[in-house]
Amino acid sequence: MAIIFASLRYSQRQEQRFLDRLDNKSLSELVFMDQQGDTLYVNPDQTTVLLFWATWSDRSLEELYDLYNWHDRHPHIEVISAFVKDAEEFAKAHDRENKNSYRLVNGTPAYQDLRVPGVPTAVVFDSGGKVKKVQSGSQTVPIWHEVSTRQELQHQREQEEG
């Protein structure tokens, strides 16, 4: 019983440390690596979904493909597909080349800097690069679905008013 309690407590502390570090960061401060191994900073001026994932995690791949399907319907949202602790050739097998508003990056530097508790983990940033929503682990309805619903409603209202 003590081992279970200690493990649970450790996980909760790890998640809280991650959230605290994330609160003090903006998207433009995170470091990624492009496919040539060069440092890449992202500074989009639009809503961005960042997904940390790995090919060795089945749940990560399920989230990744859900994000891909969602992004096909919402191409105006920026997507950063950040593979972590994985071989680049394995990650490239899941790439979506020639897609607008989509980037496959090595997310290991950002993952380690933020001390992300595991994969999959998703973060939604607003157009100013500030954190709007965070999801650790898989969910029945991933957080990017909430983003699209809100933005579509806002877009509908603007069209009705204008």
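No lab work stands behind these numbers, since they all come straight from the coordinates. From a predicted model like this one, the values you see are computed outputs, not experimental measurements. For neighbour counting, all protein chains shown are included, and Cβ atoms are generated from backbone atoms with ideal geometry for every residue, glycine included.
Say the dipole of region 79-135 comes from +1 at the beta carbon of Lys and Arg and -1 at that of Asp and Glu; which of V124, S81, A110 then lies farthest toward its positive end? It is V124. Taking 0.36 nm per residue of separation and subtracting the Cα-Cα distance, full extension of the segment from D95 to E161 would add 19.8 nm.
Once the Cα-Cα distance is subtracted from the 0.36 nm per residue extended length, the T39 to N69 segment shows a gain of 8.0 nm.
A straight Cα-to-Cα reach below 21 Å connects K130 with the lysines K25, residues fewer than 8 places away in its own chain not being considered. Between N24 and Q139, the contour length at 0.36 nm per residue exceeds the Cα-Cα span by 38.9 nm.
Using the Karplus relation 6.51 cos²θ - 1.76 cosθ + 1.60 with θ = phi - 60°, the per-residue 3J(HN,Hα) values for region 94-103 come to 10, 6, 10, 4, 6, 9, 6, 6, 9, 9 Hz, with x marking Gly and Pro. Size descriptors for region 73-117: radius of gyration and Dmax over Cα atoms are 11.7, 32 Å.
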